[in-house]
1. Could you state how much accessible area is buried at the A-B interface, both sides summed, with a 1.4 Å probe, in Å² to the nearest 100?
2. Quick check: the angle from helix B:357-379's long axis to the longest principal axis of chain B, C-alpha only, nearest 10 degrees?
3. Name the long-range amide H neighbours of A:VAL212: under 5 Å, sequence gap of 5 or more, or other chain; modelled H, no Pro or chain starts.
4. Roughly how many Å² of B:MET363 are accessible to a 1.4 Å probe, to the nearest 10?
5. Zone of A:ALA217 (label point 7 Å along Cα→Cβ, backbone N under 19 Å): which residues in region A:256-288?
6. Rounded to the nearest whole Å², what accessible area per residue is found for region A:70-115 with the 1.4 Å probe?
7. Please state the shape class of region B:1-49: rounded when a/c is under 1.5, otherwise prolate if a/b exceeds b/c and oblate if not, all from the C-alpha gyration tensor.
8. What pairs in B:LYS21/B:LYS114; A:LYS44/A:LYS208; A:LYS208/B:LYS408; A:LYS171/A:LYS329 have C-alpha atoms more than 27 Å from each other?
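The values are calculated or read from the model by the stated rules, or taken from the named source; none is laboratory data. It should be emphasised that the depicted structure is a prediction, and the values quoted were computed from it without experimental measurement. In this analysis, Cβ positions are derived from the backbone assuming ideal geometry, glycine residues included, and neighbour counts consider all displayed protein chains. Calculation scope for accessible area: heavy atoms of the full protein, side chains included, ligands and nucleic acids excluded. Shrake-Rupley method; radii C 1.70, N 1.55, O 1.52, S 1.80 Å.
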Amino acid sequence: MNMIQAINSAMEVMMARDPNVVVMGEDVGYFGGVFRATAGLQEKFGKTRVFDTPITECGIIGVAIGMGAYGLRPVPEIQFADYIYPALDQLVSEAARLRYRSAGQFTAPLTVRSPFGGGIFGGQTHSQSPEGIFTHVSGVKTVIPSTPYDAKGLLIASIEDNDPTIFFEPKRIYNGPFDGHWDRPSKNWSGHEGGAVPEGYYRIELGKAAVVRPGEAVTILAYGTMVHVARATIEDMGIDAEIIDLRTLVPLDVETIEASVKKTGRCLVVHEATRTGGFGAELSALVQERCFYHLEAPVERVTGFDTPYPHSLEWAYFPGPVRIGEALKKLLKD
Amino acid sequence: MTADGSRPNLPPLSLHVPEPKFRPGDAVDFADVDVPPAGAQRRPDTAAAPDSFHELAYTLVRVLDDEGQAVGPWNPRLTPDTLRTILRDMALVRAFDERMFRAQRQGKTSFYMKCTGEEAVAIAATHALASDDMCFPSYRQQGILIARGYSMVQMMNQIYSNSGDVLQGKQLPIMYSSRDDGFFSISGNLTTQYPQAVGWAMASAAKGDTRIAATWCGEGSTAEGDFHSALTFATVYKAPVIFNIVNNQWAISSFSGFAGAEATTFAARAIGYGIAGLRVDGNDALAVYAATLWAAERARTNQGPTLIEHFTYRAEGHSTSDDPTQYRSAGEPTAWPLGDPIARLKAHLIAIGEWDDERHAAMDRELAEQVKAAQKEAEKNGILGHGLLQPLDSLFDGVFEEMPWHLKEQRQQMIDEETASGRPWARKS
Ligand SMILES: Cc1ncc(C[n+]2csc(CCOP(=O)(O)OP(=O)(O)O)c2C)c(N)n1
């Protein structure tokens with residue numbers, strides 16, 4: 001399965017298991033979503049459980065909150081993460097705080113799915129990585145898979161979770177893993193260990209990172225597309241790095257991070273989002289706080305630049321193997 | 001520029017900035033507020049198409065006339081007992097508001113908001129709804145809780161953020177929340193409740209339930225994007241929801257013109273969405289009741305949403321932090337042509353021989369005592385000024401269903417700080 005199919009399968013499994021799960025969003029119904037992630041669901045589960053919505057993200061999330069308060073488990077789709085901003089207030093001030101402000105009387109068990117990240121010539125408005133906005137908000141969980149297997153297990157866990165969850169889907173790897181070299185033909189998921197996806201129900205607990213590749217020389221913290229780019233880079237360079245796929249940013253698996261960095265003594269943080277105030281800054285600070293006396297070099301960050309995502313120059317923006325390689329050389333200098 | 005590149009001989013453009021009719025010091029004359037006679041508006045069948053009664057969005061549905069009689073097709077023909085209950089609830093909210101406003105002035109809490117002059121909007125509407133319909137109120141519909149018999153002591157506990165506060169001191173005073181009473185948690189962010197109410201109503205419809213949702217916002221708040229998103233959703237899915245716009249003329253210091261009132265009515269917002277729209281005399285409890293009942297019947301029979309503009313007046317300040325004499329004429333509240341909702345219902349009950357001044361005065365005294373007793377009771381649990389009344393570590397409860405490590409760590413840090421400081425704060429664990 002590719003990641004889209006895995007995501008589709010997760011929703012199908014959950015809709016069959018729980019009559020309260022509903023899927024909503026722009027074009028998700030009859031058509032099955034612009035990325036086809038919801039394809040076939042309306043046919044199987046009917047129009048009152050899978051339906052198209054008006055183009056109002058604030059409305060989609062606000063309505064989903066009301067449905068959640070009623071007792072449903074809405075899985076709203078925001079067509080591109082770039083369009084989540086009109087819904088930001090409903091997410092940040094409402095969904096994230098409903099449990100807190102009502103002392104548990106009302107909750108918003110939403111799973112907001114949204115394709116994010118660049119590398120598809122999406123320009124400024126189809127490429128952004130806004131995860132740092134949500135990790136900064138108390139009361140929402142942020143989940144980002146890097147393989148079809150994880151995508152399904154994590155999405156199922158998110159839908160079952162009683163807290164609002166932002167589920168960002170790295171669209172550059174919807175169809176296959178990606179090594180960061182834009183001019184190489186892309187692979188598909190067949191043959192990749194993460195591409196073997198069981199048909200039925202299984203879940204991956206939120207808050208548990210995966211050690212994608214054990215290693216001794218340096219710890220690389222990554223998520224989504226960047227897991228694959230980092231992996232290709234160290235394989236090309238022949239570096240014995242330990243790659244940790246965070247999988248959920250909130251809650252974060254700090255134990256796995258800490259154990260790894262204490263072992264390797266070096267840490268590289270990679271993400272595609274803009275640098276300043278990004279989640280990499282949080283990771284870097286956490287590592288300094290917890291592993292300072294084990295560090296043999298300052299924590300390095302490889303990120304997107306603090307500019308909007310440029311259309312024609314997107315590969316210059318993209319934190320690819322070159323930028324990651326330079327950072328690794330610096331980290332491993334002595 | 002014209003096609004040949006020359007400039008036309010028009011005067012330059014000018015920008016229109018709305019200005020209210022009266023400012024502090026001005027004499028008030030509301031003669032241009034169009035108040036049609038009570039009973040003059042038709043009452044369409046609840047199955048009628050919204051576009052067949054557009055005129056009802058531009059007039060005022062009124063039942064109580066100047067003689068205190070209930071007239072016309074919208075008269076809900078309530079029994080004297082029901083009328084007295086509504087009167088009593090309105091008077092109770094007013095007494096409650098009075099007492100809590102003073103409590104804030106006495107430093108017992110940080111903040112309070114009255115609904116003086118608007119009591120009919122929440123009270124009469126609640127009595128026209130079923131007790132298990134879900135309300136998504138704004139901060140000025142405390143009347144819903146009163147009308148549903150919610151404990152005043154609980155309300156005060158919340159206002160005081162004291163040890164009896166079911167919201168654990170996590171919300172601003174008056175931001176109540178009672179799931180069991182069909183009262184959704186109030187947000188301080190205006191109009192966010194509008195799409196939420198639609199979502200709840202859609203869920204109810206999708207589940208084949210019989211309950212409907214109702215929501216309220218101020219006229220100023222209709223400018224928020226959420227308002228328009230909600231109306232779009234509601235009309236698209238024919239959601240069983242009642243939208244209430246409480247047009248009390250003022251949004252803090254901005255008059256209704258800044259939400260678009262110069263151009264049209266707020267009820268007319270419904271027309272562009274194909275939603276049923278009514279404009280109602282919001283100080284006429286019977287009109288509010290009748291309109292709500294009508295809208296509820298439409299919702300319950302799958303006729304979809306209704307938008308009701310309640311034309312009323314905010315007789316007092318926006319909140320305890322506001323001084324309305326700074327921006328509007330002091331004469332406005334008394335000159336308001338639709339009168340006072342309590343006085344009007346009282347006059348009606350007297351006119352039909354079911355009430356008198358003595359009974360009313362006795363009721364007011366009794367309600368004042370009731371509120372006072374509740375206050376005494378609530379203050380046993382403490383007031384905001386009395387230091388921390390919540391278990392300290394409850395601060396971290398409810399961010400997530402289960403507390404993740406980073407919150408546990410921060411909680412521990414806080415407890416350690418407290419222990420080190422030797423402050424005698426209560427603690428749960
Ligand atoms: C999103 C948002 N913007 C601004 C405010 C600040 N604010 C609180 S009440 C208010 C005026 C609201 O007026 P209106 O909607 O007419 O309701 P009323 O207070 O008259 O009942 C404003 C601007 C807020 N609470 N939320």
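1. Working: alone 13640 and 19390 Å², together 29400 Å².
Looking at A and B, the buried total is near 3600 Å².
2. Taking the Cα atoms of chain B, the angle to B:357-379 is about 30 degrees.
3. Answer set, sorted by chain and number: A:ILE243, A:ILE244, A:ASP245.
4. 10
5. A:260-270
6. Per residue, region A:70-115 has an accessible area of 22 Å².
7. Details: a/c = 4.73, a/b = 1.59, b/c = 2.97.
Here region B:1-49 falls in the oblate category.
8. Working: B:LYS21/B:LYS114 24 Å; A:LYS44/A:LYS208 32 Å; A:LYS208/B:LYS408 17 Å; A:LYS171/A:LYS329 29 Å.
Result: A:LYS44/A:LYS208; A:LYS171/A:LYS329 exceed 27 Å.
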